[in-house]
Amino acid sequence: MQRREFITTTAAASLAAGLGGAAAGQTAPSGSPRPTNGGPFTLDYAPHLGLFRHHAGDDAVAQIDFMAEAGFRSMEDNGMRGRSLEDQQRISEALQRNGMRLGVFVMNMDGAWRPSLTTGSADERARFVEHARESVEVAKRTNATWMTVVCGEVAEGVPMEEQTANVIEALKQASAVLEPHGLVMVCEPLNWRDHRGQFLRYTPQSIEIMRAVDSPSCRILQDLYHQQATEGNLIDHMNAAWDYIPYFQVGDNPGRREPGTGEINYANVFKHMHSRGYDGIVGMEHGKSMGGKEGEVALIEAYRSVDPS
């Protein structure tokens, strides 16, 4: 499943009802199965809106309440920038009431279009920096810290060294906007199986760019689903980039579903992250292997089975 599909699915699940299903008289579906509350997870896993709609209904606030009841301490929402001010406020208040954090939202995207940082286009670079300015206001309203950046596709006919320099310059300019507010854009390497042609793919490449940008407001979003498909050796690569990774996302490979449905040994990966003292968010940017309430229960149980003790 591609990032654009996640944004569309996540937004549609809640925006279709105006994020107000409960106010419109809708209630969460009743009946079993319903997961038991095993207490907060050890790692800070963050579901996205829509993952638990069969238990909680379509209202975003009800879904957040359900996440908290199930033991989750954070939530992420790719499409937060596109939500109304009222909806941003409702989500933020629900998170604060439950003692939860908001994870990433996508910074450089307008609908289905995002400015590319590889071409060196002055117009696209200016729009990217403007996205950073706009995102500062969204972050203030929602108490967010991190925002996802996708650097764009490889620019045809432009030498890779020049593309890298273009990306670095754009990230430097956006970092200057974010730094005074303590906000962090996290650049995400993407695999070419699902996102063919993307510029940012590898961990060593990401480290090189972070060193050149040299800003606390520019870091790496290490999505282990993408990195398993691209380069493997997940623990070695996260160790190499550890100082530049404030945020992880996960999904098993292949299939991009919950842990235990693919080849990644998430029990060992999470144990390693925990042993290194990682206390950041682990975004659950994936789908489910089963539908309905059964699939939602299986999702929670899958994370219980791999969560470090």
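The values are calculated or read from the model by the stated rules, or taken from the named source; none is laboratory data. Computed from a predicted model, the values in this text were never measured in an experiment. Quick reminder, even Gly has a Cβ in these numbers, built from the backbone with ideal geometry, and neighbours come from all protein chains shown.
Tabulated data for the structure shown
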{"read-out": "Test: residue in segment 183-201 that is over 23 Å from Arg114 (Cα atoms), touching a residue at least 12 places away in the same chain (Cβ under 8 Å) and more than 16 Å from the chain's Cα centre (by Cα)", "value": "no"}
{"read-out": "Criterion (of a type in the set (S, T, N, Q) and under 19 Å from Ala302 (Cβ atoms)) met by exactly one of Thr261, Thr230", "value": "Thr261"}
{"read-out": "Some residue of segment 252-268 being within 16 Å of Ile207 (Cβ to Cβ), modelled with pLDDT of 95 or more and touching a helix residue (DSSP H, G or I) at 6+ places or on another chain (Cβ under 6 Å)", "value": "no"}
{"read-out": "Any hit, segment 281-294, residues being in contact with a His (Cβ under 6 Å, 6 or more places away or on another chain) and either free of Cβ contacts under 8 Å to residues at least 40 places away in the same chain or surrounded by fewer than 22 Cβ atoms within 10 Å (Cβ to Cβ) (or both)", "value": "yes"}
{"read-out": "Where Pro29 falls short, out of the listed (1) crowded, with 20+ Cβ neighbours inside 10 Å; (2) modelled with pLDDT under 95", "value": "(1)"}
{"read-out": "Members of segment 110-152 found to be modelled with pLDDT under 95 and either under 27 Å from Phe72 (Cα atoms) or part of a strand (DSSP E or B) (or both), listed by number", "value": "Asp110, Trp113"}
{"read-out": "Checking Gly120 against (1) over 15 Å from the mean Cα position of the chain (by Cα); (2) on the phi < 0 side of the Ramachandran plot, the condition it does not meet", "value": "(2)"}
{"read-out": "Unmet criterion (only one of (1) more than 22 Å from Gly38 (Cα to Cα); (2) buried (at least 23 other Cβ atoms within 10 Å of the Cβ)) for Gly262", "value": "(2)"}
{"read-out": "Any pair with Cβ under 6 angstrom, 6 or more apart, that starts in segment 65-89 at a residue that is on the phi < 0 side of the Ramachandran plot and ends at one that is polar (S, T, N, Q)", "value": "Ala68/Asn98; Glu69/Asn37; Asn78/Thr10; Gly79/Thr10; Gln88/Thr142"}
{"read-out": "Contacts under 9 angstrom Cβ, first residue in segment 90-102 being closer than 18 Å to Gly283 by Cα, partner assigned to a strand (DSSP E or B) and acidic (Asp, Glu), 6 or more apart", "value": "Arg101/Asp44; Leu102/Glu76"}
{"read-out": "Top-ranked residue of segment 116-130 - restricted to ones that are crowded, with 22+ Cβ neighbours inside 10 Å and of a type outside the set (S, T, N, Q), ranked as farthest from Asp87 (Cα to Cα)", "value": "Leu117"}
{"read-out": "Any hit, segment 2-16, residues being of a type in the set (Lys, Arg), modelled with pLDDT under 70 and within 18 Å of Gly251 (Cα to Cα)", "value": "yes"}
{"read-out": "Every residue from segment 273-294 that is in a helix (DSSP H, G or I) and hydrophobic (A, V, I, L, M, F, W, C)", "value": "Met273"}
{"read-out": "Unmet requirement for Arg127, which otherwise passes all of (1) in contact (Cβ under 8 Å) with a residue 12 or more places away in the chain; (2) under 30 Å from Gly255 (Cβ atoms); (3) of a type in the set (Lys, Arg)", "value": "(2)"}
{"read-out": "Considering residues of segment 234-277 that are in contact with a Gly (Cβ under 9 Å, 6 or more places away or on another chain) and aromatic (Phe, Trp, Tyr) only, the residue farthest from Asp77 (Cα to Cα)", "value": "Tyr266"}
{"read-out": "The listed residue being in contact with a helix residue (DSSP H, G or I) (Cβ under 8 Å, 6 or more places away or on another chain) and surrounded by 17 or more Cβ atoms within 10 Å (Cβ to Cβ), out of Thr148, Thr142", "value": "Thr142"}
{"read-out": "Test: Val186 is of a type in the set (A, V, I, L, M) and in contact with a His (Cβ under 9 Å, 6 or more places away or on another chain)", "value": "no"}
